[in-house]
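The values are calculated or read from the model by the stated rules, or taken from the named source; none is laboratory data. Here the structure is a predicted model, which is why all the values come from computation and not from measurement. Cβ coordinates were reconstructed from backbone atoms using ideal geometry, including for glycine residues, and neighbour counts include every protein chain displayed. For accessibility, only protein heavy atoms count, side chains too; no ligands or nucleic acids. Shrake-Rupley method; radii C 1.70, N 1.55, O 1.52, S 1.80 Å.
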Amino acid sequence: MNAFRLDNKTVLVTGASSGLGAHIAKVLARQGAKVLLAARRGPQLAEQVDAIRKAGGDAAALSMDVTKPDSVEQAFAEIETEHGGIDVLISNAGVATEPRKFIDTDEDAWQFQLQTNLSGAWRVARAATQQWIASSRPGVVVNVGSIYGLRTGVLKVAYNVSKAGVVQLTRSMAMELVRHNIRVNCLCPGWFLTAINADYFATESGARYEKSIPMGRLGRLEELDGPLLLLASDASSYMTGAELVVDGGMVHKAI
Ligand SMILES: NC(=O)c1ccc[n+]([C@@H]2O[C@H](COP(=O)([O-])OP(=O)(O)OC[C@H]3O[C@@H](n4cnc5c(N)ncnc54)[C@H](OP(=O)(O)O)[C@@H]3O)[C@@H](O)[C@H]2O)c1
């Protein structure tokens, strides 16, 4: 079980101010990692950092907007000078709009999801990779994809495409970076209740949808812990380019 520990590792988690990212940061800190929590909302980040420190963990906040090249560049400069670089990147920042048909998907909705979920993941992973290669340091990337990168889902074409891009980004990075001792895998959650979907699951349609999940319920955040730690740690030392699905069976359900 020691392979799952993250002692002496520094881990960057993007989108760590709420939801999955905030939970993931706590799990990593409990496994011994120093965790750098990145997002745009400073007060929410400070709250999460505070909670980790109060529980005896090591954490710091980083301001980062993954859609802005300057912001990512500045954050990685700070990572190098203030924190001595990172060992693991959990690329989790992501957004979704309310459900809408393909023909009603306007420029703003398309760009918002593609820029954050796909271009943001590419931008942050490239910055991490550049630092690792420049210092001949090994690295681990866990991209947070979605089952909607692997199957279709109605009324969310831009989101589906962004996450399919994240899956392909994972595979392509994995093949190119294996020679630099950098592993890249993709965690593909199904449905977990967070701010990204809370409005939907409060509706009747959301409740019906929840029942249609093969396991009949949403995932609990702690049910991501094992799969996440596998991909983030040396326990997955022979895995790269893989997708790990955590979804109560949803990815195989016929529509
Ligand atoms: N919840 C699910 O069921 C589910 C299922 C599959 C995949 N996912 C994926 O899991 C990830 C986290 O989602 P969540 O459910 O935890 O939603 P959430 O609670 O809304 O969290 C999204 C996080 O992303 C950050 N973020 C958004 N835009 C950003 C930007 N431009 N720059 C930096 N950070 C940004 C937000 O922080 P700031 O607003 O403070 O910047 C926030 O911390 C997403 O990639 C999502 O697609 C979620």
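Please list 89-95, 150-156 highest first by mean number of surrounding beta-carbon atoms within 10 Å per residue.
My ranking of the peptides, most packed first, is 89-95, 150-156.
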For the chain, the dipole about the Cα centre with charges only on Cβ (Lys and Arg +1, Asp and Glu -1), to the nearest 20 debye, works out at 560 debye
Comparing LYS26, LYS211, LYS68 in a Gaussian network model of the chain (Cα, 10 Å), the one with the largest mean-square fluctuation is LYS211
Dividing the mean separation of Cα pairs under 8 Å (6+ apart) by the residue count of the chain yields a relative contact order in percent of 18 percent
Probe 1.4 Å, all chains present, heavy atoms only: LEU177 accessible area in Å², nearest 10, is 10 Å²
Between the residues ALA235, THR67, ALA127, the Cα farthest towards the positive end of the dipole of the range 2-245, that dipole coming from +1 and -1 charges on the beta-carbon of Lys, Arg, Asp and Glu, is from ALA235
Between the Cα axis of helix 120-134 and the main Cα principal axis of the chain, the angle (0 to 90°, nearest 10) is 20 degrees
Length gained if ARG137 through ALA207 is fully extended, taking 0.36 nm per residue and subtracting the Cα-Cα distance, is 20.5 nm
In degrees rounded to 10, the 0-90 angle between helix 157-177 Cα long axis and the longest Cα principal axis of the chain is 30 degrees
When the charge dipole of the chain is computed with +1 at the Cβ of Lys and Arg and -1 at the Cβ of Asp and Glu, the Cα pointing farthest to the positive end, of ASN117, GLY248, HIS83, is that of GLY248
Carbon plus sulfur, as percent of the 1.4 Å-probe accessible area of the range 2-245, comes to 53 percent
Taking max minus min of the Cα coordinates of the chain on each principal axis, largest first, gives extents in Å of 48, 38, 36
Sorted list, accessible surface of protein heavy atoms, 1.4 Å probe, largest first, for PHE4, PHE201 is PHE4, PHE201
The number of Lys pairs in the chain whose alpha carbons lie under 16 Å apart, excluding pairs fewer than 8 residues apart on one chain, is 7
Sorting VAL154, ASN2, GLY15 by the position of each Cα along the dipole of the chain (Lys, Arg +1; Asp, Glu -1; all at Cβ), the one nearest the positive end of that ordering is ASN2
For the SER172, TRP110 Cβ pair and Förster radius 22 Å, calculated FRET efficiency rounded to 0.05 is 0.50
Highest GNM mean-square fluctuation among GLY219, GLY241, GLY84, for the chain with Cα springs under 10 Å, belongs to GLY84
